[in-house]
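Taking it in order: structure first as structure tokens, then the write-up.
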Amino acid sequence: MTGGGRESEGGEEEVRGARRIPGPRGAADDLDLASVPLPPLPPPGGSAPDEAVPEQSQPASASASGDAPESDAGEPEPDPGPGPAAEAWPEPGPCPEPEPGPEPEPADGHPHPAAPEPEPAAPAAEAWPEPGPGPEPAGGTPEPPAPDPLVSSAPVVLPHQVLKALLGAWALSACSAEETAAVEDHLTGCAPCADEALRLRDAVGLLHTDGSLDLDPTLRTRVLDGCFGRRPARIPVPEWAAPYDAETARLDALLRDIGDSEWHAPVRLQWFEEERRVSRRTTVAGVIGHLMAVDGLLSAALGLDDPLDGGKAPLDPTERTETYWSATRRPPTRAVREPWRAQSHELIRTASFAGRNVAETSVSYGAFALPLQDAALDRAFECWVHGGDIADAVDYPYPAPSAAHLHRMIDLAARMLPAALAGRRSAGLAGPAKDLVAAGAPGRSLHLEIEGHGGGDWYIALDSPAAVGAPERAVAQVALDGVEFCRLVAGHISPVEAAAGQEGDREAIRDVLFAAASLSRL
């Protein structure tokens, strides 16, 4: 076979066992150079004695010009031929460009891997690395080793408009390494882009805030206090009506945030009757209708319109709710929000204009009665509890009331416990009285210690509702968290589930815990 820098087929037998020139290899970036064994160099003055390098015909261009390179000893070196010549041991300095041609067949019969074409920007990276300092030439003066080839990486050059468009991604750390370097290099010389980058980086810092986005439940109270401090209201809301005002406003804010479909979300109302827990299933709109129906008791006491039929509705809260629900021809929708909110506004406005004497107005609940100031506190408690029921149904954050308002709610429940305990004793659901005393005298008591939010200490009279609880007559102690105690009073947890610290008379502790649960109702 002729041409392409190879000898004829007859000469191929002579060089079959000789060392061959290495075939093409991969790029230097993909090769671990430290793991590649380097070929041995021939001794000075000639080739290795045992391995003769075959003679090969020169390419046409080299024969015509007669520019064949010579070795250090003066003998002509064999021309590597086209193609694989780029893989020969290079002399220091630039190598001539090889001419294309067919690759030599390897001696072992296995083809060498094909090498990718070298990039024009970095031809030195594709050459076979220098094996290090070689043997001294015949003159005795060693030549310095050639430097290792380096891969050149030209910096990315981008126009101003592109760099300006990358500022947002740079602020979010979403650029590549080359783009980041180009943008930061550009910012050192462009003042408008540097100002914009600073503003974007500050904005990114606001996106990673760790603070909660929920409003502080005390925000409304603090804003109103600040406003009234600057310009007091001519007719302020009475202090005893402040919890009801705050809780109706919080619930109204929740209702404004929910969508139309969420007004039909199912809500399960829970309370205790005697020794068992009962529940009733309704919707978010049904809960607001229940609150409006019971608030009508306060409206009737103040001479306002009752949302139920003209004073003929029952006084018991459960019966009033059932009457309202049965009178509704269609399931209530979000349309119930406006009349409920208008009713609460009218109650607060009327109480504010009525003066101090209205606080003692009696409000009848059928089986019992409360002064208007306690009835408003009771409605604030119910508004918070049912607001929590709605929030659970629609997955909405709903914190507890402020500590001052929660303390007053707990105080109302503690003052109602002696009467509830006497009612259970009359029904045979509590232990008998052990030490009856005259009305107003200190009697046997239970120390109720409320911890945490809205906490305090109360002493509950055990034997007579007219007796006075006193520390010196305490026979038992119960410790509860403030919110946990309110959940017990609302009927959301059973007395045996209440996480209470208990000490003293076990019967008295059980009677008080069950009396607290009996305060709950629909």
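Within segment 269-281, the set of residues being out of contact with any Leu (no Cβ under 7 Å at 6 or more places or on another chain), within 17 Å of Pro317 (Cα to Cα) and not β-branched (Val, Ile, Thr) comprises Gln270, Phe272, Glu273, Arg281.
Can you find a residue that is crowded, with 20+ Cβ neighbours inside 10 Å, hydrophobic (A, V, I, L, M, F, W, C) and at pLDDT below 95 anywhere in segment 277-284? No, segment 277-284 has no match at all. I'd like to know if segment 248-255 contains one or more residues that are on the phi > 0 side of the Ramachandran plot and either out of contact with any Asp or Glu (no Cβ under 8 Å at 6 or more places or on another chain) or of a type outside the set (Lys, Arg) (or both). No; the residues of segment 248-255 include none that is on the phi > 0 side of the Ramachandran plot and either out of contact with any Asp or Glu (no Cβ under 8 Å at 6 or more places or on another chain) or of a type outside the set (Lys, Arg) (or both).
State whether the residues of segment 451-459 include one that is under 20 Å from Glu507 (Cβ atoms) and in contact (Cβ under 8 Å) with a residue 40 or more places away in the chain.
So in segment 451-459, the residues under 20 Å from Glu507 (Cβ atoms) come out as 458-459.
In the following step, the residues that additionally are in contact (Cβ under 8 Å) with a residue 40 or more places away in the chain were identified as 458.
Yes; the residues of segment 451-459 include at least one that is under 20 Å from Glu507 (Cβ atoms) and in contact (Cβ under 8 Å) with a residue 40 or more places away in the chain.
Checking every residue in segment 313-324 against the condition of being over 17 Å from Leu522 (Cβ atoms) and surrounded by fewer than 16 Cβ atoms within 10 Å (Cβ to Cβ) gives zero matches. The residues listed here are Ala474, Ala498, Ala508, Ala479; of these, the one that is over 21 Å from Arg444 (Cβ atoms) and of a type outside the set (Phe, Trp, Tyr) is Ala498. Considering only residues of segment 333-360 that are farther than 20 Å from Thr248 by Cα and open to solvent by 60 Å² or more (accessible area, probe 1.4 Å), which is modelled with the lowest pLDDT? Step by step, filter segment 333-360, then rank; the result is Arg356.
Considering the conditions (1) surrounded by fewer than 18 Cβ atoms within 10 Å (Cβ to Cβ); (2) in a strand (DSSP E or B); (3) not hydroxyl-bearing (Ser, Thr, Tyr), Val363 is excluded by exactly one of them, (1). Selection of segment 334-362 for residues being farther than 17 Å from Glu382 by Cα and touching an Asp or Glu at 6+ places or on another chain (Cβ under 8 Å) yields only Arg334. Of the helices (runs of 4 or more DSSP H) entirely within segment 167-259, those holding at least 3 residues that are open to solvent by 60 Å² or more (accessible area, probe 1.4 Å) occupy 177-187, 191-207, 219-230.
If you take the residues in segment 486-501 that are on the phi < 0 side of the Ramachandran plot and of a type in the set (Gly, Ala, Ser), which one is surrounded by the most Cβ atoms within 10 Å (Cβ to Cβ)? Selected residue: Ala490. Against the list (1) open to solvent by less than 60 Å² (accessible area, probe 1.4 Å); (2) without any contact (Cβ under 8 Å) to a residue 60 or more places away in the chain, the condition Ala376 fails is (2).
Table: residues versus (1) assigned to a strand (DSSP E or B); (2) touching a helix residue (DSSP H, G or I) at 6+ places or on another chain (Cβ under 9 Å); (3) closer than 27 Å to Glu382 by Cα; (4) without any contact (Cβ under 8 Å) to a residue 12 or more places away in the chain.
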| position | (1), (2), (3), (4) |
| --- | --- |
| Asp435 | no, no, no, no |
| Ala470 | yes, no, no, no |
| His492 | no, yes, yes, no |
| Glu503 | yes, yes, no, no |
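Only a single item in (1) small (Gly, Ala, Ser); (2) open to solvent by less than 10 Å² (accessible area, probe 1.4 Å); (3) over 42 Å from the mean Cα position of the chain (by Cα) is not met by Gly504, and it is number (2). Checked against (1) crowded, with 17+ Cβ neighbours inside 10 Å; (2) in contact (Cβ under 8 Å) with a residue 40 or more places away in the chain; (3) not aromatic (Phe, Trp, Tyr), Ala293 passes all but a single condition, namely (2).
Taking the listed residues Val483, Val512, the one that is open to solvent by less than 40 Å² (accessible area, probe 1.4 Å) and of a type in the set (Val, Ile, Thr) is Val512, with no other qualifying.
Out of the residues in segment 414-424 meeting the condition of being open to solvent by 10 Å² or more (accessible area, probe 1.4 Å) and in contact (Cβ under 8 Å) with a residue 60 or more places away in the chain, tell me which one is nearest to Ala376 (Cα to Cα).
Kept after step one, since they are open to solvent by 10 Å² or more (accessible area, probe 1.4 Å), are these residues of segment 414-424: 415-416, 418-420, 422-424.
Pick out the ones that are also in contact (Cβ under 8 Å) with a residue 60 or more places away in the chain and you get 416, 420, 423-424.
Numbers: Met416: 15, Ala420: 19, Gly423: 23, Arg424: 25 Å.
Result: Met416.
Here is a yes/no grid of residues against (1) under 50 Å from the mean Cα position of the chain (by Cα); (2) of a type in the set (Ser, Thr, Tyr); (3) closer than 22 Å to Ser518 by Cβ; (4) in a strand (DSSP E or B):
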| residue | (1), (2), (3), (4) |
| --- | --- |
| Gly431 | no, no, yes, no |
| Ala438 | no, no, no, no |
| Ser445 | yes, yes, yes, yes |
| Leu448 | yes, no, yes, yes |
| Ala466 | no, no, yes, no |
| Arg473 | no, no, no, yes |
| Val483 | yes, no, yes, no |
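Could you say whether any residue in segment 429-446 is closer than 30 Å to Arg268 by Cα and open to solvent by 10 Å² or more (accessible area, probe 1.4 Å)? Yes, some residue in segment 429-446 is closer than 30 Å to Arg268 by Cα and open to solvent by 10 Å² or more (accessible area, probe 1.4 Å).
Could you tell me which residue of segment 280-314 is farthest from the chain's Cα centre (by Cα), considering only residues that are of a type in the set (Val, Ile, Thr) and in a helix (DSSP H, G or I)? I'd like the intermediate steps shown before the answer.
Kept after step one, since they are of a type in the set (Val, Ile, Thr), are these residues of segment 280-314: 282-284, 287-288, 294.
Of the ones still in play, those that are also in a helix (DSSP H, G or I) are 284, 287-288, 294.
Details: Val284: 28, Val287: 31, Ile288: 32, Val294: 40 Å.
It comes out as Val294.
Among the residues of segment 479-522, those identified as over 16 Å from Asp411 (Cβ atoms) and among the β-branched types (Val, Ile, Thr) are Ile493, Val496, Ile509.
The values are calculated or read from the model by the stated rules, or taken from the named source; none is laboratory data. Not measured: the values here are computed from a predicted model. No Cβ is skipped: glycine too gets one built from the backbone with ideal geometry, and neighbour counts run over all protein chains shown. In case anyone asks, the SASA skips ligands and DNA or RNA and just uses the protein heavy atoms, side chains included. Shrake-Rupley method; radii C 1.70, N 1.55, O 1.52, S 1.80 Å.
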